[in-house]
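Student: Quick one: the structure is below, and I'll ask about it shortly.
Bear in mind these aren't lab numbers, they're just calculated from the coordinates by the rules spelled out. Owing to the predicted nature of the structure, the values given are computational and were not obtained by experimental measurement. So basically every Cβ, Gly included, is an ideal-geometry build from the backbone, and we count neighbours across all protein chains shown.
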Amino acid sequence: MAADPSWKERLAARTRQDWSREIDVFETQLELRQRGKIEEKLFAETRLRRGAYGQRYDNGHRQDGQKAQELAFPERPTKGPGTVWDAPGMMRLKVPYGKLSAEQLEAMAELAEEYSDGILHVTTRQDVQLHFVHIEDTPDLMRRLAAVGITSREACGNSVRNVTQCTSAGVCSGEAFDTTPYAHALAFFLLGHDDVQDMGRKFKVAFSGCRQSACGLTSFHDIGAIATTRAVGERVERGFQLFVGGGLGAVPQAAQLLEEFTPETELLPVSQAVCRVFARLGERENRQRARLKFLVKRLGIEEFRRLVRDERAKLRPDPRWTAFLEALGAGDERPLRAGAPLSAEAARAAGAGFARWRADNVRGQKQAGYTTATVSLPLGDLTSRQARAVAAVARLLTGDTLRTTVDQNLLFRWVSEADLPALYAALEQVGLGDGDAGTIADVTSCPGTDTCKLGISSSRGLSAELRRRLRVIDAPAARELHVKCSGCYNSCAQHHVADIGFLGVSRVVNGRRVPHFQLVVGGQWTDNAGAFGLAIGAVPSKNVPKLVDALVARYAAERADGDVFRDWVQRVGKKEIRALVDAHAHVPPYDVDPSYYSDWGDPREYTIGDIGEGECAGAVVSYLEMGLAASEREVFEAQLLLDQGEPAGAARRALSAMLQAARALAHERNPNVSEDAAEVVREFRVHFYDTKLFFDPFVGGKFAHYLFNAQAEPPASATHDVAHQLIEEAQLFLDAAHACHAKLVAQTSPTAAE
Amino acid sequence: MKARRIELSIPIEAGTLPDPEAVVPVFHAIIRDGSLGEVLVDVARYGHVKNAPAVVLVGHASDYVIEVTPEGLRFAAVRKRDAAPDDRRLLDVAERLLAAAQQVQAALPAVRFRTDELRIRVLDRLNAPNTPETFRRLSDEVGAFARRWLGEVTLEPGADPSAPLEIWIRRGKSEPLSALSARLARPAEE
């Protein structure tokens with residue numbers, strides 16, 4: 001009887017071997033966690049680094065409006081502290097700089113149907129998220145992604161998150177040069193890089209092609225790179241203004257200038273040096289203060305700059321730093337169809353809906369005859385069917401030039417102007433023909449209480465309501481405003497840089513909880529998010545639309561020529577704005593209007609009882625702990641290989657497990673230790689054998705010799721017995737490594753080891 | 001049927017559920033009361049997306065969906081985990097669909113379901129790729145099950161080759177849910 005088919009077998013030939021191996025490793029870790037062989041904190045960080053994130057109610061409890069109820073999931077091990085194994089979670093799919101091919105979008109559409117609820121959600125970091133995914137489905141989901149060139153590696157956790165970029169890169173007339181190959185090179189250079197595996201918190205990178213526009217939003221990134229050039233004799237040299245230490249969150253901080261001109265050849269090594277300084281000196285105990293912005297603030301930019309330069313000088317040369325420069329231009333997008341103008345007659349024939357869509361959603365490219373066209377996605381959502389339709393249009397009209405955008409839309413590039421009516425008609429047919437891109441109705445929202453464990457108020461419920469109401473606004477100045485709603489202070493919707501921003505809070509009124517939103521004004525979207533707004537005051541959720549109406553009406557009536565919203569706010573003053581807030585702050589008693597005591601779209605009586613522990617970054621798990629866990633997994637894999645009748649492979653895996661553990665230890669003393677086996681053994685011997693740190697109280701250095709012996713005579717063709725013995729030795733070596741880890745912890749923190 | 005995920009849906013009679021959002025409090029109540037006897041987790045709302053699963057009652061092993069399509073509203077049950085044995089999966093998803101639909105109807109008496117046009121979607125491209133061959137292979141099993149349950153039916157494949165495999169089950173009449181439920185409860189031999 002034939003075995004059941006598997007995605008692993010079916011996709012093996014289409015998948016990069018290293019990615020395939022990574023997913024196999026993750027699948028083994030799932031199995032080990034189910035057997036209780038990996039502790040929950042470690043497994044949580046492991047899955048986060050694979051993009052498998054927690055979701056609301058995954059602690060197994062849910063408020064029903066009157067009381068908390070237990071969700072009776074099957075009894076299993078947890079998949080993280082307070083996180084039930086079977087509770088559905090979110091899967092974040094990393095889309096470097098937002099670039100998607102038709103094939104990739106189709107694959108995501110299939111995954112949404114088969115593992116999620118049929119909806120793809122575009123995020124403010126150009127990622128795509130699927131919700132309600134079961135942890136056991138994630139390996140196959142990852143395999144199907146990997147087969148089309150997408151990895152979810154390091155999409156969450158204390159890692160380098162998705163690298164974002166202005167979606168007009170390469171087609172914008174205002175850019176210094178196309179930053180795409182640089183964003184690509186840095187994203188894949190840092191992906192899985194050893195130097196970014198031991199950071200105390202997440203790390204975000206953004207690219208912008210110019211200083212003045214909003215698109216790159218470099219001001220609130222850990223590294224923000226703005227393209228610039230300088231003349232060197234006759235030659236024009238490319239480089240970047242490099243900013244560091246920006247961030248939003250509860251307390252936003254603008255990035256500071258690290259280098260006025262980082263030559264293109266130095267982009268990767270300087271970024272690597274920044275990561276290493278952050279990994280070494282960043283806060284590790286208090287994760288509320290662990291982002292790079294706090295380190296830069298604590299040290300001062302001068303000292304931080306000095307440390308980065310010192311670190312840069314110490315780096316081992318890496319050919320990848322400049323290899324990509326030799327192929328610049330090779331990956332440039334090419335149009336599928338010849339650029340041709342759209343005649344006035346054809347535009348008229350396409351109708352009024354087309355005209356409105358074209359005015360809002362279409363922008364000319366610097367290449368004559370071509371435009372970009374935004375697909376407006378309400379709240380960043382689209383169905384699998386819609387995603388397939390977008391992919392089909394891309395195949396027909398533009399090729400693989402799609403982008404996800406930071407304002408949660410999709411973008412076609414390289415659309416021949418003459419093809420715009422056909423593009424519009426195809427989108428309209430599947431319900432994606434809305435205009436409003438970049439207007440006040442294009443409201444940005446984080447997941448909020450819909451799915452996020454940290455959500456306080458329903459940002460999506462509010463945003464859906466605002467979007468519905470704001471579509472009718474037609475005053476041009478008012479239509480240009482940006483509205484962004486976050487469900488809590490963490491600013492995932494980037495409310496600090498909106499004209500009108502909101503963040504979810506709760507208030508007790510008349511003895512009951514009432515969902516509220518703080519109004520934030522004064523932010524600046526342009527100039528790469530040039531200014532952060534301030535909270536003015538809170539109003540009940542149900543009054544927010546009326547407050548927005550009042551703000552917009554006053555702005556439209558009172559603005560002076562040339563004013564933007566921020567100018568008007570500054571002119572009328574925060575006191576006036578506060579008065580508007582106060583006028584909308586009243587909450588009627590419950591028996592007069594109970595609707596105030598529920599949130600948008602949720603009939604349950606409002607509570608904050610569902611707020612859980614965030615997984616925005618996992619608990620800090622050290623490089624050493626991750627290394628020991630990897631070693632543990634390799635020992636297990638060696639056992640499986642032996643059971644499968646592959647003693648040679650089992651023996652090699654057992655040796656690899658010892659090397660893995662030895663390297664994790666050696667890394668504690670020498671962060672530059674490479675993966676070269678001889679070097680690992682040498683460094684391990686110097687720092688842990690010669691110092692007797694690795695010694696067992698009873699047998700001394702015996703376990704270390706298991707490694708030395710196996711390394712001296714690598715097991716090329718082991719028999720079953722030899723492999724069996726080596727696996728036993730590897731397990732003992734690993735146990736000794738754990739004991740050594742405990743000694744190291746005791747040295748630095750005597751109470752922690754108790 | 002060997003498939004990880006199976007969806008069965010029926011149409012909602014036009015005009016009997018003017019706003020799909022009306023189901024949101026019903027779904028919340030089902031979670032609160034545990035009235036479907038399975039672990040249900042949350043209610044997801046996508047009313048802002050056109051032609052989408054507008055409201056989803058998300059469970060551990062099953063989802064229940066009010067779907068907006070160009071042809072009108074449908075009500076679906078999706079069995080996604082802890083599936084019954086292969087030979088009972090269709091029966092299992094049908095039982096769940098009817099139980100959930102009856103609860104919606106009890107809470108919103110104006111809502112009427114049609115049972116003259118059922119749609120099966122096999123959300124498993126590994127075991128059931130959307131090909132004419134798979135349709136032929138599954139038609140025997142689906143047809144036998146449907147005829148036993150519903151009487152005379154015709155089966156047709158879905159029109160979109162890029163979508164998951166669809167099998168449309170059409171019959172000449174629409175009966176109340178209770179009648180279908182009663183027939184489903186009878187042993188197959190009867």
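Student: How about A:K546: which aspartates and glutamates have a C-alpha closer than 13 Å to its C-alpha, ignoring those fewer than 8 places off in the same chain?
Tutor: A:E465, A:D582
Student: Quick one: which residues, 5 or more positions from B:V43 or on another chain, have an amide H under 5 Å from its amide H? H modelled 1.01 Å from N in the peptide plane, none for Pro or chain starts.
Tutor: Counting only residues 5 or more places away or on other chains, the set is B:V58.
Student: How well do other chains shield peptide A:113-126, expressed as the mean number of their Cβ atoms within 10 Å of each residue Cβ?
Tutor: Per residue, the number of nearby Cβ atoms from other chains is 4 on average.
Student: Please list, or write none, the aspartates and glutamates whose alpha carbon is within less than 19 Å of the alpha carbon of A:K702, excluding same-chain residues fewer than 8 places away.
Tutor: Those aspartates and glutamates meeting the cut-off are A:E683, A:D690, A:E713, A:E728, A:E729, A:D735.
Student: What dipole magnitude, in Debye to the nearest 20, does segment A:344-429 give about its Cα centre under +1 on Lys/Arg Cβ and -1 on Asp/Glu Cβ?
Tutor: 100 debye
Student: With n ≥ 4 as the cut-off for DSSP H runs, can you work out [θ] at 222 nm for the protein assembly as shown, using -39500 (n - 2.57) per run divided by the number of residues, rounded to the nearest 500?
Tutor: Working: 29 runs with 346 residues, N = 944.
Result for the protein assembly as shown, helices only: -11500 deg cm²/dmol.
Student: Which value, in debye to the nearest 20, gives the size of the charge dipole of segment A:381-527 about its Cα centre, when Lys and Arg are +1 and Asp and Glu are -1 at the Cβ? Kindly include the intermediate steps, with their values, before the conclusion.
Tutor: On the way: 16 positive and 15 negative charges, 157 e Å.
The dipole magnitude comes to about 760 debye.
Student: Also, quick follow-up: Plugging the Kirkwood radius over Cα pairs into Stokes-Einstein for segment A:238-363, at a temperature of 25 °C and a viscosity of 0.890 mPa s, what D comes out in µm²/s?
Tutor: Roughly 132 µm²/s, to the nearest whole number.
Student: Something else about it: Once you put a point 7 Å from the Cα of A:V722 and another 7 Å from the Cα of A:D593, both along the Cβ direction, what distance in nm separates them?
Tutor: It is 8.2 nm.
Student: Neighbouring Cβ atoms within 10 Å as the yardstick, rank A:T322, A:T262, A:T439 fewest first.
Tutor: So the residues, fewest neighbours to most, are A:T322, A:T262, A:T439.
Student: From the Cα trace of segment A:344-429, what convex hull volume per residue do you get, rounded to a whole Å³?
Tutor: Numbers: hull volume 8.2 nm³, N = 86.
Normalising the Cα hull of segment A:344-429 by residue number yields 96 Å³.
Student: Toward the positive end of the charge dipole of the protein assembly as shown, about the Cα centre and with charges on Cβ (Lys, Arg +1; Asp, Glu -1), which of A:V270, A:A579, A:N709 goes farthest?
Tutor: Farthest along the dipole direction, towards plus: A:A579.
Student: Under 5 Å between amide H atoms, partner at least 5 residues away or on a different chain: which partners does A:T228 have, H built in plane at 1.01 Å?
Tutor: Distant-sequence amide H within range of A:T228: A:G239, A:F240, A:Q241.
Student: May I pose another question? Determine ³J(HN,Hα), in whole Hz, for all residues of segment A:368-377 in sequence, where each value follows from phi through the Karplus function 6.51 cos²θ - 1.76 cosθ + 1.60 and θ = phi - 60°; x replaces Gly and Pro.
Tutor: For segment A:368-377, the Karplus curve yields 4, x, 10, 9, 9, 9, 8, 9, 6, 10 Hz.
Student: From the phi angles alone, apply the Karplus equation (6.51, -1.76, 1.60; θ = phi - 60°) to segment A:14-22 and give each ³J(HN,Hα) in whole Hz, x where the residue is Gly or Pro.
Tutor: Residue by residue, segment A:14-22 yields 9, 10, 4, 4, 5, 5, 4, 5, 4 Hz.
Student: Enumerate by residue number the GluC sites (Glu not before Pro) in segment A:18-75 meeting two conditions: DSSP loop (anything except H, G, I, E, B), and at most 12 other Cβ atoms within 10 Å of the site's Cβ. Display every interim value, and only then the final one.
Tutor: Details: sites: A:E22, A:E27, A:E31, A:E39, A:E40, A:E45, A:E70, A:E75; in loops: A:E39, A:E75.
Filter output for segment A:18-75: A:E75.
Student: Rg to Rh for segment A:84-140: what is it, with Cα atoms only and Rh by Kirkwood?
Tutor: With Rg and the Kirkwood Rh in hand, the quotient comes to 0.97.
Student: For segment A:623-748, count the residues as N, evaluate 2.2 N^0.38 Å, and divide the Cα radius of gyration by that value, please.
Tutor: Working it through for segment A:623-748, the quotient is 0.99.
Student: Between A:D561 and A:R230, what FRET efficiency follows from the Cβ-Cβ distance if R0 is 41 Å, with the result rounded to 0.05?
Tutor: On the way: r = 37 Å, r/R0 = 0.90.
The computed FRET efficiency comes out at 0.65.
Student: Once you charge only the Cβ atoms, +1 for Lys and Arg and -1 for Asp and Glu, what is the size of the charge dipole of chain A about its Cα centre, to the nearest 20 debye?
Tutor: Roughly 1720 debye for chain A.
Student: Which of B:P157, B:F113, B:P53 sits farthest toward the positive end of the charge dipole of chain B, with +1 on the Cβ of Lys and Arg and -1 on the Cβ of Asp and Glu?
Tutor: B:P157
Student: Sticking with this one: May I ask for the equivalent-ellipsoid semi-axes of segment A:444-605, computed as the square root of five times each C-alpha gyration tensor eigenvalue and listed largest first in whole Å?
Tutor: 26, 17, 14
Student: Full-extension gain between A:L191 and A:N672, please, as 0.36 nm times their residue separation minus the C-alpha to C-alpha distance.
Tutor: Full extension of this stretch gives 171.4 nm more.
Student: Dividing the convex hull volume of the alpha carbon atoms of chain B by its residue count, what do you get in Å³ per residue?
Tutor: So the per-residue Cα hull volume is 118 Å³.
Student: How would A:T138, A:T229, A:T383 line up from fewest to most surrounding beta-carbon atoms within 10 angstrom?
Tutor: A:T229, A:T138, A:T383
Student: Over 28 Å between Cα atoms: which of A:K484/A:K574; A:K204/B:K80; A:K79/A:K204 fall into that group?
Tutor: Correct reply: A:K204/B:K80.
Student: Once the dipole of the protein assembly as shown is set up with Lys and Arg at +1 and Asp and Glu at -1 on Cβ about the Cα centre, which of A:H221, A:A531, A:A737 lies farthest towards its positive end?
Tutor: Final value for the positive-end residue is A:A531.
Student: Could you please rank A:H184, A:H496, placing first whichever residue has the fewest other Cβ atoms within 10 Å of its Cβ?
Tutor: If I rank by nearby Cβ atoms, fewest first, I get A:H184, A:H496.
Student: Could I ask something else about it? Per 10 Å bin, what percent of the C-alpha pairs of segment A:164-327 does each bin hold, from zero upward?
Tutor: Result, from short to long distances: 11, 41, 37, 11, 1, 0 percent.
Student: Here's another thing I want to ask about it. Apply the Debye scattering formula to chain A, with a single equal point scatterer on each alpha-carbon and no solvent, then give log10 I(q)/I(0) at q = 0.06, 0.10 Å⁻¹.
Tutor: -0.39, -1.08
Student: Exceeding 31 Å between C-alpha atoms, which entries from my cross-link table qualify? They are A:K293/A:K314; A:K202/A:K575; A:K453/B:K2.
Tutor: Long pairs (Cα-Cα over 31 Å): A:K202/A:K575; A:K453/B:K2.
Student: Taking the Cβ of A:H687 as the center, what net charge do the other residues with Cβ under 15 Å away carry, scoring Lys and Arg +1 and Asp and Glu -1?
Tutor: Values: positive: A:R663, A:R669, A:R682, A:R685, A:K692, A:K743; negative: A:E668, A:E679, A:E683, A:D690.
So the environment of A:H687 carries a net charge of +2.
Student: Cα centroids of segment A:271-326 and segment A:474-519: how far apart, whole angstrom?
Tutor: Segment A:271-326 and segment A:474-519 have Cα centres spaced 34 Å from each other.
Student: Okay, moving on. Using a 10 Å cut-off on Cβ to Cβ distances, tally the other chain neighbours for every residue of A:130-140 and report the average as a whole number.
Tutor: Mean number of neighbouring Cβ atoms from other chains: 2.
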